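Structure record follows, encoded as structure tokens.
The values are calculated or read from the model by the stated rules, or taken from the named source; none is laboratory data. It should be emphasised that the depicted structure is a prediction, and the values quoted were computed from it without experimental measurement. Because the Cβ atoms are built from the backbone with ideal geometry, glycine has one as well, and the counts that use them run over all protein chains shown. Surface areas here come from the heavy atoms of the whole protein model, side chains and all, with no ligands, DNA or RNA. Shrake-Rupley method; radii C 1.70, N 1.55, O 1.52, S 1.80 Å.
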Amino acid sequence: APYLYSEDVFNEYIARNAIWDGLLLGGLLALGWTSLLIAIFARSRVFIVLGLLSWLTLLVEGGRRGYEKLDFITHLIEFSYRSPLVLSNLTLMLFVVFILELARSEKVQLSLRKLWVGWAMYYAGLALISAFGDVYQVYWLADVHRPLFSLTLLVTAVLFLRQNAPTRGLIVAIAAFSLARASLIALESSGLLPDSIANLSMGSLRMNPILVLGGFLINLALFAGWIAHVGLQRRKALEKISRLQREENIRLTQEVARQTKALNEALQYADEKNRQQTQIVGYISHDLRA
């Protein structure tokens, strides 16, 4: 639906959104670089996927907001309207890969693994249709599958909780945010969104920078939580090594003391046997002389 602004309100809206867009796009860029650097040093596939996911999301959000220099396909006339859909579906496919890698690295028994693999193939297919097929069909499928995908993510978060995974709380936050966002977009599409929220969004919810920034901050919290978890694991490993070293030193000290005691007892026994043998030989020599 079109929106009508006065010139002052429109300029204020543009200035405010530019600030939020700068925070969002700059944060995504920084998150991507940091994730890839940590992936190189830590040799972690999770951080590689997170970095690529951040940069792909940067392209999607930049293209949606009209930053043409970020959308490398818009210079082609045919793909100018297809590129946002292609990038969006590739982003979702990469997000599915991120969930699978996270479950693998945290050793979570993911009973929905085949379903997640199916979601990855589904989004790859949607990306192909977006590039060469009917884009309206892709939009229709997006409205249909969005609640199902959020529900799958919510069930996966419950599995993370039940298996006490380190990032369980943040996965639940991501699932809750995804479900809430899908619900709001569904209400907006059906015209049932309350006027107070609609006025607050100042346009489509898909373009609302505050809402998108909320999702970015949750992912940033996931990143920070993972870093803290790795640091905690390292500290626990160092404490365990130190404890094992102390226990080994104590064991070696006790073993040396035991061996020394046994050796002293053996020497005393040998001395006593020698004394007895000398005494017996002396008796025999005395008897023989007698």
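Taking a sphere under 15 Å around the Cβ of Leu154 and counting the other residues whose Cβ falls inside, with K and R at +1 and D and E at -1, yields a net charge of +4. Per-residue SASA remark: Tyr67, around 90 Å² accessible (1.4 Å probe; ligands, DNA and RNA not included). On region 1-72, 68 percent of the accessible area sits on carbon and sulfur atoms, based on a 1.4 Å probe.
Computed over protein heavy atoms with a 1.4 angstrom probe, the accessible surface ordering of Lys240, Lys114, Lys273, largest first, is Lys114, Lys240, Lys273. For Tyr122, Tyr13, Tyr136, Tyr269, the ranking by accessible surface with the largest value first comes to Tyr136, Tyr269, Tyr122, Tyr13, using a 1.4 Å probe.
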